[in-house]
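First comes the structure, then the notes that go with it.
Here, each number is a calculation from the coordinates, and none is a lab measurement. Since this is a predicted model, take the numbers as computed values, not measurements. Cβ placement follows ideal geometry from the backbone for every residue including glycine, while neighbour counts extend to all protein chains displayed.
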């Protein structure tokens, strides 16, 4: 098996944070029973399985943005004056409650083990995409979020993915704290 290519030093802190958040997510979802996985606190709230499906879709989207950035798809675009730009120093989830774009809305609840495997594949692919950056400054690569218009650097995209996952971890923990949550 080939050793993964090393990440640019300026991307390592962002990636380490993403890894830390992912480990927390897996630690929370792995022991869940089938009833806990599909428990819905109140319609139309998402159950934990749907939260995780949403996170999978979001990571796939972040991975695609990283690939496009590194490939140079946004080279001719410039951050407009007055636009918000987040970099690898992003220290919180930058959005309040947003409606998920249609591509990130989960479908029917799927099996946890299968979804967990897909999460692992998407995370590994995201890491591979990120390792393809061999330039001097990952913060010089910038692209807008198609859903919000907010701009992120390459490292900012990684931090956004991690903070988004942390945001949903809080939601998952709230679901598990509901008095009617199956024990």
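Worth a mention:
- Residue 108 meets all of the listed conditions (1) assigned to a loop (DSSP other than H, G, I, E, B); (2) surrounded by 14 or more Cβ atoms within 10 Å (Cβ to Cβ) but one, namely (2).
- Residue 100 vs. criteria in contact (Cβ under 8 Å) with a residue 12 or more places away in the chain, within 16 Å of the chain's Cα centre (by Cα), over 23 Å from residue 26 (Cα atoms) and part of a loop (DSSP other than H, G, I, E, B): no
- Residue that is surrounded by the most Cβ atoms within 10 Å (Cβ to Cβ), among those in the stretch 138-183 that are more than 16 Å from the chain's Cα centre (by Cα) and within 24 Å of residue 23 (Cβ to Cβ): 138
Yes/no matrix, rows are residues, columns are (1) in contact with a strand residue (DSSP E or B) (Cβ under 7 Å, 6 or more places away or on another chain); (2) under 13 Å from residue 158 (Cα atoms):
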{"site": "86", "(1), (2)": "yes, yes"}
{"site": "90", "(1), (2)": "no, yes"}
{"site": "96", "(1), (2)": "no, no"}
{"site": "103", "(1), (2)": "no, no"}
{"site": "111", "(1), (2)": "no, no"}
{"site": "120", "(1), (2)": "no, no"}
{"site": "128", "(1), (2)": "no, yes"}
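- Unique match (being in contact with a helix residue (DSSP H, G or I) (Cβ under 6 Å, 6 or more places away or on another chain), surrounded by 14 or more Cβ atoms within 10 Å (Cβ to Cβ) and either free of Cβ contacts under 8 Å to residues at least 40 places away in the same chain or in a helix (DSSP H, G or I) (or both)) among 21, 13: 21
- Within the option set 135, 82, being out of contact with any strand residue (DSSP E or B) (no Cβ under 9 Å at 6 or more places or on another chain), on the phi > 0 side of the Ramachandran plot and surrounded by fewer than 18 Cβ atoms within 10 Å (Cβ to Cβ) holds for one residue only, 82.
- Filter pass, residue 127 being in a helix (DSSP H, G or I) and either free of Cβ contacts under 8 Å to residues at least 24 places away in the same chain or farther than 14 Å from residue 94 by Cα (or both): yes
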